Each structure stands twice: as structure tokens, then as C-alpha cells.
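Enquirer: After the C-alpha cells below, expect a handful of questions from me.
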Amino acid sequence: MSAESELKRRQRRWRSMLWSLVAILVLSVALPSLGYVMAQQFYGAEREFSEDRATNPRSDMWRDAREGQGGFTTQTGPYVTNTLISNVGENWRQIRTGPMTTWGGWFLIAVPIVIVLFFLVFGRVKLEEERSGLTVRRWRAYERALHWFTAASFIILAITGLSLLFGRTVLIPLFGPQGFAAYAQGAMYVHNFLGPVFSVALLAMIVLWIRHNIPNRTDWQWFKQGGGIVGKRHPSAGRLNAGEKVWFWLGVVVLGIVVSVSGFVLDFPIFGQTRETMAIAQVVHAVAAIIWIGFFFGHAYIGTIGTEGALEGMTRGRVDVNWAKQHHDLWYEEVLSSGEQPVSEEALKKSKADRQAGTAAGQASH
Ligand code: HEM
């Protein structure tokens with residue numbers, strides 16, 4: 001393959017990746033914001049809040065009531081009855097607006113800073129040998145479709161979820177209380193509907209890839225050699241290396257299950273969940289999701305800027321032979337012993353053209 005066409009292909013890849021990311025970011029903010037526009041359209045001036053209505057004038061009275069004794073209420077639902085102000089609710093509110101947002105916020109700022117520092121110190125893991133121009137198949141089309149659907153849903157859920165958690169601190173100053181209320185309502189719908197769909201995709205991913213993630217002795221050696229990032233020699237690895245297996249087991253399986261189950265408890269309060277259960281589920285859900293998002297930053301970094309040649313396995317489905325030998329040597333040997341031969345770019349193009357010609361001829365004969 002000529003250096004020029006390789007450069008063009010790389011530029012095209014980066015451009016489409018960048019635009020997909022921009023589109024996801026813009027849509028996940030713009031779509032829920034439609035709520036704001038529609039609220040204006042339907043309710044117009046009626047919904048205009050004056051500055052003094054933005055803060056509840058009775059909040060002092062309710063704060064006083066919290067100090068008081070139990071009383072009598074008409075509440076008959078599964079939650080606490082005869083309690084004017086629930087301590088569970090108030091304690092939960094304090095955790096949510098206190099340590100959860102403060103520590104969670106700092107954590108989400110710190111992780112990208114650490115990643116940038118890591119990049120500045122260790123740089124990109126480059127290909128040690130020039131590209132060979134020959135590739136082998138790494139991920140099938142349905143695996144890639146599932147991966148990118150999960151990734152796009154994850155990003156939308158993260159943006160909408162964080163908007164709800166940090167809205168008071170970050171978004172109210174930007175959108176104003178009325179704008180934020182409409183955006184938050186849209187974000188909540190998106191989050192609540194997409195969450196269960198994401199969990200199903202996640203389950204499919206676990207079932208599909210669990211067989212590649214069974215730990216073995218090679219993983220231990222991989223850890224001892226620092227994954228090849230520290231030290232000179234690149235450690236041996238099978239189809240997936242030990243770092244990827246950690247992401248699979250801790251990130252996708254453990255955090256995935258914790259976030260999905262707690263999300264389910266919050267999304268469907270029809271199983272007699274008490275107020276206490278809901279409060280605990282919210283804390284578990286948010287804390288696990290924040291840790292997961294931090295983990296995800298690391299995964300997305302390693303899969304893109306961090307490792308030259310890794311992303312094309314998940315976009316085109318094929319990787320260069322020299323990438324395979326460098327990062328997953330044992331897997332590459334398995335591929336060869338299964339009878340699959342590395343294919344050049346020209347041969348791939350030709351077989352694609354032959355397939356298309358075959359289909360066209362087939363259609364013409366009908
Ligand atoms: C923009 C975000 C993302 C990027 C750029 C990305 C990139 C990649 C790449 C390049 C690979 C292939 C690695 C290889 O061939 O060895 C991969 C594998 C994988 N990705 Fe992602 N990914 C993203 C988001 C996600 C999300 C949100 C999840 C799950 C919630 C996820 C789960 C996985 C899993 C399970 C694998 C297989 C490796 C393993 O089992 O550990 N990815 N990703």
C-alpha cells in the first residue's frame with residue numbers, strides 16, 4: 001500500500017471518529033433540550049419564573065418541620081407514613097449534594113488529568129515494526145456493531161446521568177432554573193429509557209466475550225512486565241491481554257451489574273421498594289457509575305490515542321499483522337494455525353469487488 005493512500009485512510013478514519021464523537025455529544029445535549037423549547041412553545045409566559053419564585057419561599061418552614069416529631073399524614077403508599085419530613089430522604093439529600101457531588105466531581109476531573117500526564121510521560125505505544133500491509137480479522141461485524149452501540153449508549157447515559165447529578169452546580173448557572181428543569185426532564189426520559197436497553201446490550205457483550213476473558217498464566221506474566229508500558233519487552237498475550245481482562249471483569253461485568261441492578265430498582269419502583277431502598281439504590285448507582293466512567297476514560301484512551309493500530313480492529317474489523325504480533329502474539333499464532341492467512345489491502349479490495357459483481361450478476365439474472 002502506498003504511503004499516500006495509507007495517510008489518506010488514516011485521515012479519513014480520524015475525521016469520521018471525531019465527527020461521530022461530536023455528533024454523540026451534541027445530540028445528547030440537544031435532544032433533551034427540546035423539552036425546553038417545547039415548554040416555551042406550549043406554556044409560554046405562564047411558565048416564566050420570576051427570580052424570587054426560583055427559590056422556594058417556604059423552604060425555611062420545611063427545614064423547621066424536619067426538626068420536629070412524627071405527625072399524621074394521608075400517605076398510604078409503600079413509603080413512610082405519618083412522617084412529615086423523612087430523615088432517610090433528608091440524609092440521602094445531604095449525601096447526594098455533599099460528598100457524592102464533591103468527591104465524584106473531583107474524581108471525574110482528576111482521571112483525565114492523570115491520563116494526560118500518563119500520555120506526556122509514556123507517550124503512545126507505537127508500532128515497533130512498520131505496517132506490513134497484510135491484515136488479519138480481529139472483530140466480526142456483529143461484535144463491532146454491539147461494541148459501538150454499547151459505547152454510544154454508555155456515553156449518552158453518562159452525559160444525561162451526570163447532568164442530573166451535577167445539574168444544580170453546573171447547569172443551573174448556565175441554563176437558568178427553568179431551562180435546566182426542562183433539560184433535566186428530557187435527560188431523565190432519555191436516561192430512563194436507554195438504561196434498560198443498554199443493560200441488555202451489556203449482557204449480550206458479556207455472554208459473547210466471556211470466553212476470551214478467562215484468566216490464565218500468561219496474564220500474570222503480562223502484569224509482572226507492566227503490560228509492556230514500563231520496561232522494554234512487550235509481554236506475550238492471547239486474544240485479549242490482562243489489562244483488557246481487568247476492564248472486562250471489573251468494568252463491564254462487576255460495575256455493569258451493580259449499575260444495571262441499582263438502575264432497575266430506581267427505574268421500576270413497582271416492587272414495593274421502600275424510600276430507604278430507593279435512597280441506597282441511588283447512592284450505589286451514582287457511585288458505581290462515576291467509578292465506571294473514570295475506568296471508561298482509561299479504556300477509551302488506550303483504544304484510541306494510547307495504542308497505535310488498536311482502533312482499526314474495532315472499526316474495520318481487521319488489524320495489521322505487525323500489530324497482532326506485537327500486542328497479541330499468542331493469538332496471532334492461533335489465527336495462523338486455524339488456517340486463516342493474512343490478506344493484503346489489494347486482495348481485500350478485489351474480493352469485495354468480486355462479491356459486489358457477483359451480487360449484481362445475481363440480481364441481473366433474476
Ligand atoms: C468511545 C469509547 C470507546 C472506544 C474508543 C473503545 C475502543 C475499543 C477498542 C479499540 C477495542 C479493541 C481492543 C482490541 O482489539 O484489543 C475495544 C474492546 C472492548 N471494549 Fe471498547 N471502546 C469504547 C467504549 C466501550 C464501552 C462503553 C464498553 C462497555 C461498557 C466497552 C467494552 C469493550 C470490551 C468488553 C472490549 C473487548 C475487550 C475486553 O473484553 O476486555 N468499550 N474497545
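Read-outs throughout are calculated quantities, based only on the coordinates presented, and are distinct from any laboratory measurement. What you see is a predicted model; the values in this text were computed from it and never measured. Don't worry about glycine lacking a Cβ; one is built from the backbone with ideal geometry, like all the others, and counts go over all protein chains shown.
Enquirer: Mind listing the long-range amide H neighbours of V125? Cut-off is under 5 Å, sequence gap 5 or more, other chains count too, H placed in the peptide plane at 1.01 Å from N.
Expert: T307, E308
Enquirer: How long is the gain from S59 to H212 if the chain were fully straight, where each residue apart is worth 0.36 nm and the alpha carbon distance is subtracted?
Expert: Separation in residues times 0.36 nm, less the Cα-Cα distance, equals 49.5 nm.
Enquirer: Further question: Listed highest first by mean packing, meaning other Cβ atoms within 10 Å per residue, what order do 111-117, 153-159 come in?
Expert: Values: 111-117: 13.1, 153-159: 19.3.
Result, highest mean first: 153-159, 111-117.
Enquirer: Output the relative contact order of the stretch 123-239, whole-number percent, from Cα pairs under 8 angstrom with separation of 6+ residues.
Expert: 23
Enquirer: Just order 286-295, 246-255 by mean Cβ neighbour count inside 10 Å, highest at the front, would you? Display every interim value, and only then the final one.
Expert: Details: 286-295: 20.1, 246-255: 17.1.
Averaged packing, sorted descending, gives the order 286-295, 246-255.
Enquirer: Which whole-Hz ³J(HN,Hα) couplings does the stretch 8-13 yield from phi under the Karplus relation 6.51 cos²θ - 1.76 cosθ + 1.60, θ = phi - 60°, glycine and proline marked x?
Expert: Listing the rounded values in order: 4, 4, 5, 4, 4, 4 Hz.
Enquirer: Express in nm, to one decimal, how much length is gained between K352 and E90 on full extension, taking 0.36 nm for each residue of separation and deducting their alpha carbon distance.
Expert: Values: separation 262, 0.36 × 262 = 94.32 nm, distance 6.28 nm.
Between K352 and E90, full extension yields 88.0 nm more.
Enquirer: While we're looking at this one, here's another question. Give me a comma-separated list of calculated 3J(HN,Hα) values for the stretch 158-174, in order, Karplus coefficients 6.51, -1.76, 1.60 applied at θ = phi - 60°, integers in Hz, x for any Gly or Pro.
Expert: Taking θ as phi minus 60°, the curve returns 5, 5, 5, x, 5, 4, 6, 6, 9, x, 4, 7, 9, 8, 4, x, 8 Hz for the stretch 158-174.
Enquirer: For the stretch 158-237, what class follows from the C-alpha gyration tensor (a ≥ b ≥ c being the square roots of its eigenvalues): rounded when a/c is under 1.5, otherwise prolate if a/b is larger than b/c, else oblate? Before the final figure, lay out the partial values.
Expert: Values: a/c = 6.46, a/b = 2.12, b/c = 3.05.
Oblate.
Enquirer: Near the amide H of R239, under 5 Å away, which other amide H atoms are found, from residues 5 or more places off or on another chain, if H is placed in the peptide plane?
Expert: The list, which skips near neighbours in sequence, is W331.
Enquirer: How are the C-alpha pair distances of the stretch 245-284 spread across 5 Å bins, as whole percents from the shortest bin up?
Expert: 6, 25, 26, 17, 12, 9, 4, 1
Enquirer: If you don't mind, another one. Taking a threshold of 28 Å on the Cα-Cα distance, which of the pairs K245/K350; K126/K245; K325/K350; K8/K349; K126/K352 fall above it?
Expert: K245/K350; K126/K352
Enquirer: Using a/c under 1.5 as the rounded threshold, could you call the stretch 189-279 rounded, prolate or oblate? The axes a ≥ b ≥ c are square roots of the C-alpha gyration tensor eigenvalues, and prolate needs a/b larger than b/c, oblate otherwise.
Expert: Details: a/c = 3.44, a/b = 2.77, b/c = 1.24.
Prolate shape, in that a/c is at least 1.5 and a/b is the bigger ratio.
Enquirer: Return the whole-Å distance between the Cα centroid of the stretch 265-323 and the Cα centroid of the stretch 122-193.
Expert: Computed from Cα coordinates, the inter-centre distance equals 9 Å.
Enquirer: Residue by residue through the stretch 233-243, what is 3J(HN,Hα) from phi via Karplus (6.51 cos²θ - 1.76 cosθ + 1.60, θ = phi - 60°)? Round to whole Hz and write x for glycine and proline.
Expert: After applying 6.51 cos²θ - 1.76 cosθ + 1.60, I find 6, 8, x, 5, 8, x, 4, 10, 8, 4, x Hz.
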